[in-house]
Each structure stands twice: as structure tokens, then as C-alpha cells.
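FYI, it's all coordinate maths here, none of it is from the lab. If you're wondering where the values come from, they're calculated on a predicted model, not measured in any experiment. Cβ: placed from backbone, ideal geometry, glycine included. Neighbour counts: every protein chain shown.
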Amino acid sequence: MLKVKLLQHTQKPEQTVALAARLCYSAMEISKLRDKLTEEEVRALLAKLLDSGHVTPFEHASFTFGVEGVSRAMTHQLVRHRLASFSQQSQRYATFKQNSFILPPSVQEDEKARELMLAHYEAAQRTYQQLLDLGFNKEDARYVLPEASATKIIITMNSRELFHFFNLRCCERAQWEIRAMATEMLRLAKGAAPIIFENAGPQCVKGPCPEGKFSCGNSKKVRARFKSLASDA
Ligand SMILES: Cc1cc2nc3c(=O)[nH]c(=O)nc-3n(C[C@H](O)[C@H](O)[C@H](O)COP(=O)(O)OP(=O)(O)OC[C@H]3O[C@@H](n4cnc5c(N)ncnc54)[C@H](O)[C@@H]3O)c2cc1C
């Protein structure tokens, strides 16, 4: 089962972004700039940065997430995001845990498909164990494991990269598993920094859908869902 935790983040992420922005435009000392920042000023400044496209100050606020119960098929997509940092459980050193495979919801709902997939997982697990028993290393035995194999990963992204990541991966066009994880990351990030992430999500949250003929056609519904994404972080 998908588990996402916000492990840590930059202290006072919103004030940090605002401070970095003010520094660019002021002759004042850094300590004085920080003293003078009220919440309203932070809110106004961050909105101005986003409107003007001056987004580099958002790189000073970083967020680290711990993710478990996801497939290697999903993390293969995730690690394409080159500006993020990742640490992933190794299949070379950690023995693959018995029957920890992710079953897509569409397959879960179909009895025949579910039986087929579970039989395949079982066979893969059996062969993996047989290879280990024959004395092969984990790094070679793992070649029989499917993309469905469960994994754990720690992700760190700054808020500018998170905006981009949420644009792509909270969108209905993204695959269900990465979309579910990205949406949970956004919910947690909103809890920690509601001003920064107020309009984060798929691109349709703050503008027209850019997907053309691939659009899900549900922008209104999607926008409403992301605007009200609650947080108990
Ligand atoms: C719906 C969907 C379908 C996809 N299908 C495929 C597919 O079929 N095949 C496939 O291979 N991938 C696919 N991808 C992955 C996609 O091509 C990207 O690799 C992935 O989304 C990461 O995006 P990114 O490069 O913008 O992000 P990041 O690597 O996080 O980079 C963030 C931004 O930094 C800048 N940047 C980073 N590196 C460079 C660079 N070297 N040069 C210039 N600018 C840079 C760019 O502005 C980039 O947008 C798909 C992604 C999505 C969302």
C-alpha cells in the first residue's frame, strides 16, 4: 500500500523564499530584511514572484519525502526528474521481500487478470529464491523480478522543481501510481507551506489545460479537487 511521509523541509519555507526575493531588490542587511517580513508581505511577494516568472527564490525551500509501497515501474518514471535527489532501496544488497508486488487497481478489479498476474508474481518470486538457493547473488537473481516489485525511495525536491513535478504528475495524463504519489506529496507540502503551494497541481489549476487532444476534458473538476486538497500534515 502506498505510504508517503513528509520527512522534513526547510525551516519556515515561505519566509525563506520571500527573504531570498527581497534580498534581490533591497540594499538592506539580510537580518533587517528578515525582521521586517510579515505574513501578508510574504503572501504578496510570493504571488508577485510567480506572476513575474522570477521563480529561482523558490529553490531555497526544499522538501524531503519518504515513499514506500510503490513499484519499480513507478520509480523508473519518477527518477527521470533530474533536478530531484533520490535514494532508493537497492536490489543488489537488500533481499527482495516475499510477495511484495504492486497490483494495478484495474487488474485488482478483474478476477481473471488478477489470477494471471498473481500467478506470474508467484513464479517470479519462486525463481528468485531458487537462484539465491543455487548461490547466485541478489544482483543477478533480481533479473527475474517484475516491474511490479515494491520498493522504497526518499525524494528531495525544492519547491520550484515540485511545481514542475506536480504540473506533470498530478495531471490525469500521468499514470495512476505516480499520480497518486504526487497528489499525496502535494497534500503534505500544502500542509507545510500553504502559501507556496496554494496553486500547485496540474497545469489546469491555474490556467487552461495545455494537453490539447489528450486533455481529460475535466479541468473544472480537477481544478476544484486540487484547490481544496486538504491536509492533516
Ligand atoms: C504523461 C507523460 C508521458 C511520458 N512519456 C514518456 C515516454 O514515452 N518516453 C520517455 O522517455 N519519457 C516519457 N515521459 C518522461 C518525460 O519525457 C520526462 O523525462 C519527465 O517527465 C521529466 O521531465 P523533465 O525533464 O521536464 O523534468 P526534470 O528532469 O525534473 O527537469 C526540470 C526542468 O529542468 C530543465 N532541464 C532539466 N534538464 C535539462 C537539460 N538537460 N537540458 C535542458 N533543460 C533541462 C527543463 O526545463 C525541465 O523541464 C513522460 C512524462 C509524462 C508526464
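Pairs from the list LYS3/LYS220; LYS97/LYS138; LYS12/LYS32; LYS3/LYS221; LYS48/LYS190 with a Cα-Cα gap above 22 Å: LYS3/LYS220; LYS3/LYS221.
Projecting the Cα atoms of GLN129, GLY201, ILE153 onto the charge dipole of segment 106-217 (Cβ charges, centred on the Cα centre) puts GLY201 farthest toward the positive pole. If the Kirkwood radius is taken over C-alpha pairs of segment 144-200, then at 25 °C and 0.890 mPa s the Stokes-Einstein diffusion coefficient equals 198 µm²/s.
Going by how many other Cβ atoms sit within 10 Å of their own, how do ASP140, ASP51 line up, fewest first?
Exposure proxy ranking, most exposed first: ASP51, ASP140.
Extension gain for LEU83 to LYS152 (0.36 nm times residue separation, less C-alpha to C-alpha distance): 22.9 nm. Ranked by how many other Cβ atoms sit within 10 Å of their own Cβ, fewest first, the residues HIS54, HIS164 fall in the order HIS54, HIS164. For LEU132 and ARG173, the FRET efficiency from 1/(1 + (r/R0)^6), where r spans their Cβ atoms and R0 equals 45 Å, is about 0.70.
Test of understanding: given the chain, find the longest segment containing no chymotrypsin sites (Phe, Trp or Tyr not before Pro) that are in a DSSP loop and have at most 16 other Cβ atoms within 10 Å. In short, 137-233. The label-point distance for GLU109 and TYR143, in a model that sets each label 7 Å from Cα toward Cβ, rounds to 3.8 nm.
How would segment 33-113 be classified by its alpha-carbon gyration tensor: rounded, prolate or oblate, with rounded meaning a/c under 1.5 and the a/b versus b/c comparison settling the rest? Prolate. Ellipsoid fit via the Cα gyration tensor, segment 101-233: semi-axes of 37, 19, 12 Å, each the root of five times an eigenvalue, largest first. Provide Rg over Rh for segment 24-161; use the alpha carbon set for both Rg and the Kirkwood Rh (inverse mean inverse pair distance). Radius of gyration over Kirkwood radius for segment 24-161 works out to 1.23. The string of couplings for segment 154-160 from the Karplus curve (6.51, -1.76, 1.60, θ = phi - 60°) is 10, 10, 10, 9, 7, 5, 5 Hz, one whole number per residue in order, with x for Gly and Pro.
Among ILE196, ILE102, the ranking by other beta carbons within 10 Å of each residue's beta carbon, starting with the fewest, stands as ILE102, ILE196.
Exposed loop sites are taken as trypsin sites (Lys or Arg not before Pro) in a DSSP loop (any state but H, G, I, E or B) with at most 16 other beta carbon atoms within 10 Å; the longest stretch of the chain without one runs 98-172.
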